[in-house]
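So the structure is just underneath, and the comments pick up after that.
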Amino acid sequence: MRRWCLWVVLLQLVRTSSAQFPRPCANRDGLRTKECCPAWAGDGSPCGALSGRGFCAQVEVSEEPHGPQYPHSGIDDRERWPLAFFNRTCRCVGNYGGFGCGECRFGYRGAACGEYRESVRRNVLSLSAAEQRRFTSYLNLAKNTVSRDYVIATATRAEMGADGENPMFSDINTYDLFVWMHYYVSRDAFLGGPGNVWRDIDFAHESAAFLPWHRLYLLHWEHEIRKLTGDPDFSIPYWDWRDAQTCQVCTDALMGGRSPLDPNLLSPASVFSSWKVSAATDPLGSEVTPPSTQLLRFTV
Ligand SMILES: *[C@@H]1O[C@H](CO)[C@@H](O)[C@H](O)[C@H]1NC(C)=O
């Protein structure tokens, strides 16, 4: 059995973003210009430049060669991310953050993002019943709410046309957005043609990026849940599974108990029993791994 880790601990702040497709840039114009510098609503200027929040700048990525696990170059959109899609994005200054510098970077809040608030990730088993209910209801709200700010790509960059004349993006709910991001970074590389994939690559788990990628991922996920619920104090709890003999979080108050009728199903009393696996597909049509397992199973 694979071990369940989950919701690691709070960590460093990484300033780059793994937010793939900001809605304002996921269109023909964004693809054609390769620029993703949306206007900040507060003053209408790209990246809130007029208000000193940030500026539009050329994306810089590492020029280091790929590791030996990936003997290809120029075939996968994820190489030198995000250059296949965008080569100019907002660079926020001070504590501003978000793809258009309209938000605060992780850990900060307030109108000028000057207030730093430490976020404590708590043991999920020590949350009160009300806190556990709040946690599962937030997840359920995320599962049922289309992301306002992000969309996902349903085709490769090449399939969208040289000038972006065929943009292929899709709405996704806030929960599945993160399932998709995890899938997108981990999936096989497409070498062209049906079934022709390079399996020996996983951009999130097979290198030094493993920990920072997942830390940033969780911070981003937490941030989107906070935006969605309007609860700036939400923090993702963790499950310390080290000495666990059983799946302590597999209860109806948490991630769902087992159905008494069918051991392959969640108990009907769990809010997650009504969740459906998204039919979001990758460009070759294989299905995204079910969200309920994806998010929980960060194996170490
Ligand atoms: C960025 O992309 C645009 C559109 O393809 C291109 O014209 C421009 O030269 C690129 N800039 C850099 C620095 O590569």
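Please treat every number below as a calculation from the coordinates, not as lab data. Since the structure is predicted, the reported quantities are computational estimates derived from the model, not experimental observations. Methodologically, a virtual Cβ is constructed for each residue, glycine included, from the backbone with ideal geometry; neighbour enumeration extends over all protein chains shown.
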*Please turn the phi angles of region 252-262 into ³J(HN,Hα) values with the Karplus equation 6.51 cos²θ - 1.76 cosθ + 1.60 (θ = phi - 60°), one per residue in order, whole Hz, x for glycine and proline.*
5, 6, 10, 8, x, x, 7, 5, x, 8, 9
*Taking the Cα centre of region 174-243 as origin, sum charge times position over the Cβ atoms of Lys and Arg (+1) and Asp and Glu (-1), and report the length of that vector in debye to the nearest 20.*
160
*Which shape class applies to region 206-257: rounded if a/c is under 1.5, otherwise prolate when a/b exceeds b/c and oblate if not, where a ≥ b ≥ c are the square roots of the Cα gyration tensor eigenvalues?*
oblate
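Does region 140-218 come out rounded, prolate or oblate by the C-alpha gyration tensor, with a ≥ b ≥ c the root eigenvalues, rounded set by a/c under 1.5 and, if not, prolate when a/b is larger than b/c and oblate if not? Don't jump to the answer; show the numbers that get you there.
Numbers: a/c = 2.13, a/b = 1.06, b/c = 2.00.
Taking the square roots of the gyration eigenvalues as a ≥ b ≥ c, region 140-218 is oblate.
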*In terms of Cα to Cα distance under 22 Å, which lysines are near enough to K276, apart from those fewer than 8 places away along the same chain?*
K143
*Using every pair of alpha-carbon atoms in the chain, split the distances into 20 Å bins beginning at 0 and state the percent of pairs per bin, rounded to integers.*
30, 59, 11, 0
_Could you derive backbone 3J(HN,Hα) for region 125-141 from the dihedral phi with the Karplus parameters 6.51, -1.76 and 1.60 (θ = phi - 60°), listing whole Hz in sequence and x where the residue is Gly or Pro?_
6, 9, 6, 5, 4, 5, 5, 5, 5, 5, 4, 5, 6, 5, 4, 5, 5
*To the nearest Å, what is the center-to-center distance of region 159-220 and region 250-271, using C-alpha atoms only?*
30
*Give the long-range amide H neighbours of D252: residues separated by 5 or more places, or on another chain, with amide H under 5 Å away, using H modelled in the peptide plane at 1.01 Å from N.*
G257
*Have a look at R105, R121, R23 and tell me which one the Gaussian network model of the chain (Cα, springs below 10 Å) gives the largest fluctuation.*
R121
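Report the relative contact order of region 50-102, percent, no decimals, based on alpha-carbon pairs under 8 angstrom and at least 6 residues apart. Could the numbers behind the result be given before it?
Working: 48 pairs, mean separation 27.1, N = 53.
Relative contact order here is 51 percent.
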*Note down the magnitude of the dipole of the chain about its Cα centre, charges +1 on Lys and Arg C-beta and -1 on Asp and Glu C-beta and zero elsewhere, to the nearest 20 debye.*
620
*Going by the alpha-carbon gyration tensor, a ≥ b ≥ c the square roots of its eigenvalues, is region 25-126 rounded (a/c under 1.5) or, if a/c is not under 1.5, prolate (a/b greater than b/c) versus oblate?*
oblate
*With a Förster radius of 30 Å, plug the Cβ-Cβ distance of E79 and T145 into 1/(1 + (r/R0)^6) and report the FRET value to the nearest 0.05.*
0.40
*Enumerate the amide H contacts of G54 below 5 Å, restricted to partners 5 or more residues apart or on another chain; note that Pro and chain-start residues carry no placed amide H.*
A49, V93
*asked:* Suppose each label sits 7 Å from its Cα in the direction of the beta carbon; what would the N166-Q58 distance come out to in nanometres?
replied: 3.1
*Which of N264, N140, N95 moves the most in a Gaussian network model of the chain with Cα springs under 10 Å?*
N264
*Given H placed on each backbone N at 1.01 Å, which residues far from Y150 in sequence or on other chains put an amide H within less than 5 Å of it?*
R23
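On full extension of the chain, what length is gained from D231 through H66, given 0.36 nm per residue of separation minus the C-alpha to C-alpha distance?
55.3 nm
Taking 8 Å as the Cα distance limit and 6 or more residues as the minimum spacing, I'd like the relative contact order of the chain as a percentage. Each step should come with its number before you reach the end.
Details: 461 pairs, mean separation 67.5, N = 300.
Contact order relative to length: 23 percent.
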